[in-house]
Structures are given as structure tokens and as C-alpha cells.
Amino acid sequence: MLVLCLGVSGVAAAQEPVDLDMVNRIRQEAFHNSQVMATFSHLTESIGPRLTNSPQMAKANAWTREQFSNWGLVNVHDEAFDDFGRGWEFSNASVEMLSPRTSPLHALPKAWTPGTNGPVEGVVMVVDIKKPADLEKYKGKLAGKILLLDEAREYERAVDADSHRHDAAGLAELQTFAVPKDVDDKARAKRIKRYTDRRALALASNKFFVDEGVLATLSISGWDNGILRVGGGGSRKADESVGVPELVMAAEHYNPLVRAIEHKQVVKLRVNVQARFTDEANQPGYNTLAEIPGSGSKAGEIVMLGAHMDSWHTGTGASDNAAGVAVMMEAMRILKAVGAKPRRTIRVALWSGEEQGLIGSHDYVARHFAAYPEPTDPVQRALPSSLRDSTGTLQKKRDYDRFSAYFNMDNGSGRFRGIYAQENLAVMPIFKAWLEPFHDVGATTVVARNTGSTDHISFDRVGLPGFQFIQDRLDYFSNVHHSDLDTWDHAEPEDLKQAAAIVASFVYHAAMREEKLPRKPLLDN
Ligand SMILES: [Zn+2]
């Protein structure tokens, strides 16, 4: 049954068809036969964290392929992206204070850093190293020491509620679009300098600390209340020094160490980290892909949906981003279960290397759709793609013109409240029509705004329509993002069911509509 939904008033507004019979079937399957929590549970609790190129990531690639095949999807495969680096995993970590008193301390290792090779004991020393030149003054003074790299940080009492859902005022606020200021070359140059300085310091410190016989380094967690926010350290590249064991410590355990040293006490710790690189040489990373094939004249055209499956290593990568993966997989399962026969091919992608700079999706888009030429300037070449100037003419592949749209989920596990149109005003009336059957479950809002920082940007950057949904934040940015608390417990099953239904309906309608989704003009570089 096709029901015509009137778009915004005015002559230019198209009438965007919505297949309410199909929406009914999708909602029934998503709300009453859901498997989204089974998928979410398997990824988080059976497989666990999925650091790119870790053995657990490989398990997740294999398991998701198997699920897709079991559900009757086709072209199920992994696709490599080159030279990501080595795999890494850790199995245990402990830090004990031995003096001035005894106590266990809460700390976990940064990814891609070495283990301690058994317990090591050493005196703690505060160092002030902000640039490679600062290392010089510590020459000959660090042997057998455990270094505190950060200053103590004053505890900040939370003023905001931990968990947050959008209210009507918050959604209304998202409707405003800030006209961008002129691109500030100085700010850009500063960002690039900050990146290159940080990288230079990391490379120099890694080598220096090894040469000087440092036992381990400790950094303060970025959040208070015992939460450990831990990313990468050392190096994932086989040809670079991995440095010494690096751990992130809970702020409330780190600060007392600094105070004790200020009070001239000798602080002694025992550190034991079991961690290992799982490859000798750099390895490719792998995205997992699967399809529901289209049929008829539009079968060669593509609608995509996806989420990154890689995660950081201290939680179980639940809200970031097993939630997105489970929702995208569930959307595909629903479409098969309701017998959808799309005109365009629907392709799901579970990316890897997202946390290290959208590497998996960027590489995939470059291979299949379009890319700017690799920069020749060595300074530009050394930058991550997000910091590079896109130089030269976009080189389009055959499928560039066959591509309709990409839908992504990576803003935690919170309920969908609408979608960002990514400054593509022509899609807004279409999305408003598609969203209407989901107003009653809280998704009401289509905004022109851009949203960034995840895999839809790999598409947007080359002029392809790529979108993220507006989500309730929950406690994503107060408790779970990249933290050891990013576990199953912080997700709401009803939110994930709602999201899966909306994704299934959006990709179905994108796959069925007469035209591909309109594109916004590609900006000149
Ligand atoms: Zn993420």
C-alpha cells in the first residue's frame, strides 16, 4: 500500500511516497521479534572488546559473516584495507602501591604498548615532558623509575545529570544552522602542528624511555569518578619503537601519588601488565560486508548502511560501537525476515580502524567510489586523512554514479530522535516523510546541520550522501565513551529496537524510490 505524504508546503515540495504496509511489517518484526539484544550481547559479552586487528576483532568478523550468511544475505565477505599495523591484546594488569602504604590502584594499559614481562617494582617520579627537547634534562636519571606524565587534576563535581535525553527544546535548538565563519587557516595550521608535535614527542619519548630503562609510565584518566578512559599508546607499526609499558590510572588514585611526592614521600609501586603484539609484521585490517541484492533495472545501484565494529580495549565496546553494529545487522535481518525485495542493492558494512581515524571506511570509499589523489608533499602524506588538504581532482570509480546513500550509527546506544541532513536540504522533505511513521516512538526531527567524526564522513568528503541519526546521548559522554565502563549495562533494549526499525525503513525506502537520493554540490578545494 502506498500512501502519499505531503512534504513541506509550497510548490517545490515533492510528495515522497511512504510504503506504510512495509513500515508495518518492519515495525512488527523489529518490536515483537527482535534479535538486536542477542546480537549486541554476543558482540559485547561473548566476543568482548574488538581492537582493530586484535584476535577478538577477527572473531567478530567471522561471527558477523556467519550471522549474515545464516540470515540469507549474499556477497558476504571481508575486505582488506592495507597496512593497518599489528594486532595487540592484553589479558591482565595490576598496579599496587608498596609505599608509603600498601593499596591496589586502578589502572589499565594503553593499546599497542608492551607488557612488563612479569611484575616490576620501582620508585615513582613526576616528569614534565611537553616537547622532545624536554627529554634531555632527564638523561641518566630515569633508570628503574615509574613515571607520572601528568600533573594532578582537581576533582570536578558534576553539575549535569549523568544521563541525558533530548527534550523538545533541545531538538528545536538543533534546527538552527550556524553559517560557517571563513576557514581560519591559522586554526587549521595549529591543528596540524598540534598533531605533528604530539607525534614527534611520542616517537622521541618511546625511544628515550626504552634507552633510559624506564619501567613504566602512568597518565591520569581524562574523567573523574574512577572511570578509565584509555586509547592507544606505543605504536601499532612494526617498524617503530613501542616504548615502555604505559598505563592510564583513575584520577582519584593518580592524584594522591602526586601529592605524596610533593610531600617528599617515596612512592613505590609494583606494576604487572600482561600484553602482547599478536603479529610480527604490519597486517591489513578487515571490514565485513554483506548484501541483499536488488532486482530489475536498478539492481546495480547501491544503498549502504553501516557502523564500525572495532572498539577500544578496556570495556567491551558496547555503546561504541556494538550498539551501532547490532542495529545495522538487525536492520538487515528485519529486511530479510519481512521478505523485502529491494530494487537497489542494500549493502551493509561493518568497518574496522574507525577509532584510529575512519581508516576502514575511508579506504573502502576510495576503492569503490572515489578518492582524491594521494598528496605528494611529504608533510601532507604524514597526516591522517582528516587533517589533509584534499588536493587535485576527485577520481571517481564506476560505482560513484550508482551510489544512492549511506546511513551510519555511532553516537552511542541512545534512541533515534531524528537525522542530520548534513547540509543537504534536498533530502530534508524525503527524510521528513520517511520519519513520520516513527514520530510515535520519539523520532521526529530532521535538521540541516552537519554532524561529524565517524564513518559517514568518508562518504560525505567525496560528495556522496552519508548520514548519521540524532540520538539521545544517555551517559555516553559522561561515563562510557572510550572508557572501561563501555559495557552491555549502559544500553537500553527498547532504544536499539527502535533504531533498527528506523534504519530498516530508511534503507528500504532509499532502495525503492524512483530516483537516487539527491546530492549536494561538491565543494571545490
Ligand atoms: Zn565510535
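The values are calculated or read from the model by the stated rules, or taken from the named source; none is laboratory data. Values in this document were obtained by computation on a predicted structure and should not be read as measured data. Please note: Cβ atoms are built from the backbone with ideal geometry, for glycine as well, and neighbour counts cover all protein chains shown. Just so you know, the surface numbers come from the protein's heavy atoms only, side chains and all, with ligands and any DNA or RNA stripped out. Shrake-Rupley method; radii C 1.70, N 1.55, O 1.52, S 1.80 Å.
Looking at the stretch 380-394, can you tell me whether even one residue there is surrounded by 22 or more Cβ atoms within 10 Å (Cβ to Cβ) and within 16 Å of the ligand (Cβ to nearest atom)? Checking the stretch 380-394: not a single residue is surrounded by 22 or more Cβ atoms within 10 Å (Cβ to Cβ) and within 16 Å of the ligand (Cβ to nearest atom).
Please work out if Phe403 is within 16 Å of the ligand (Cβ to nearest atom), open to solvent by less than 40 Å² (accessible area, probe 1.4 Å) and either in contact with a helix residue (DSSP H, G or I) (Cβ under 9 Å, 6 or more places away or on another chain) or at pLDDT 95 or above (or both).
On the way: within 16 Å of the ligand (Cβ to nearest atom): no; open to solvent by less than 40 Å² (accessible area, probe 1.4 Å): yes; either in contact with a helix residue (DSSP H, G or I) (Cβ under 9 Å, 6 or more places away or on another chain) or at pLDDT 95 or above (or both): yes.
Against the criterion (within 16 Å of the ligand (Cβ to nearest atom), open to solvent by less than 40 Å² (accessible area, probe 1.4 Å) and either in contact with a helix residue (DSSP H, G or I) (Cβ under 9 Å, 6 or more places away or on another chain) or at pLDDT 95 or above (or both)), Phe403 does not qualify.
Filtering the stretch 367-378 to residues that are open to solvent by 20 Å² or more (accessible area, probe 1.4 Å) and either in contact (Cβ under 8 Å) with a residue 24 or more places away in the chain or within 16 Å of the ligand (Cβ to nearest atom) (or both) leaves Arg367, His368, Ala371, Tyr372. Does Gly442 fit the bill of being touching a residue at least 40 places away in the same chain (Cβ under 8 Å), away from the ligand (no atom under 16 Å from the Cβ) and within 24 Å of the chain's Cα centre (by Cα)? No. Scan the stretch 309-347 for residues that are within 21 Å of Leu474 (Cβ to Cβ) and more than 14 Å from the ligand (Cβ to nearest atom) and jot them down. Within the stretch 309-347, Thr314, Met329, Glu330, Ala331 qualify. The strands (runs of 3 or more DSSP E) found entirely in the stretch 58-162 that carry 2 or more residues being charged (D, E, K, R) and under 25 Å from the mean Cα position of the chain (by Cα) are 74-85. Applying the criterion of being closer than 17 Å to Arg461 by Cβ and outside any loop (DSSP other than H, G, I, E, B) to the residues of the stretch 348-363, the residue that is nearest to the ligand (Cβ to nearest atom) is Trp351. Residues in the stretch 254-280 that are under 28 Å from the mean Cα position of the chain (by Cα) and closer than 17 Å to Ser94 by Cβ: Tyr254, Val273, Gln274, Ala275, Arg276. Cβ-Cβ distances below 6 Å connect the following pairs, each with a first residue in the stretch 288-313 that is closer than 21 Å to Thr487 by Cα and open to solvent by 10 Å² or more (accessible area, probe 1.4 Å), a second residue that is assigned to a loop (DSSP other than H, G, I, E, B) and within 16 Å of the ligand (Cβ to nearest atom), and a separation of six or more residues or different chains: Trp312/His482; His313/Pro49; His313/Leu51.
Could you tell me whether the stretch 279-287 includes any residue that is in contact (Cβ under 8 Å) with a residue 24 or more places away in the chain, open to solvent by 30 Å² or more (accessible area, probe 1.4 Å) and within 13 Å of the ligand (Cβ to nearest atom)?
Of the residues in the stretch 279-287, the ones in contact (Cβ under 8 Å) with a residue 24 or more places away in the chain are 279-287.
From the residues that got through so far, the ones that are open to solvent by 30 Å² or more (accessible area, probe 1.4 Å) too are 279-284, 286.
Filter once more, keeping what is within 13 Å of the ligand (Cβ to nearest atom): none.
Within the stretch 279-287, not a single residue is in contact (Cβ under 8 Å) with a residue 24 or more places away in the chain, open to solvent by 30 Å² or more (accessible area, probe 1.4 Å) and within 13 Å of the ligand (Cβ to nearest atom).
Suppose we keep only residues that are under 22 Å from Leu523 (Cβ atoms) and open to solvent by less than 10 Å² (accessible area, probe 1.4 Å) within the stretch 408-423. Which one would you say is farthest from the ligand (Cβ to nearest atom)?
The extreme case among them is Ala421.
Every condition in (1) surrounded by fewer than 18 Cβ atoms within 10 Å (Cβ to Cβ); (2) over 25 Å from His481 (Cβ atoms) is met by Thr116 except one, and the failing one is (1).
Beta carbons closer than 8 Å, at least 6 apart along the sequence or on distinct chains, pair a first residue in the stretch 52-66 that is free of Cβ contacts under 8 Å to residues at least 60 places away in the same chain with a second that is among the acidic types (Asp, Glu) for Gln56/Glu89. Annotation: of all residues in the stretch 501-525 being in contact with a strand residue (DSSP E or B) (Cβ under 8 Å, 6 or more places away or on another chain) and outside any helix (DSSP H, G or I), the one that is most open to solvent (accessible area, probe 1.4 Å) is Lys516.
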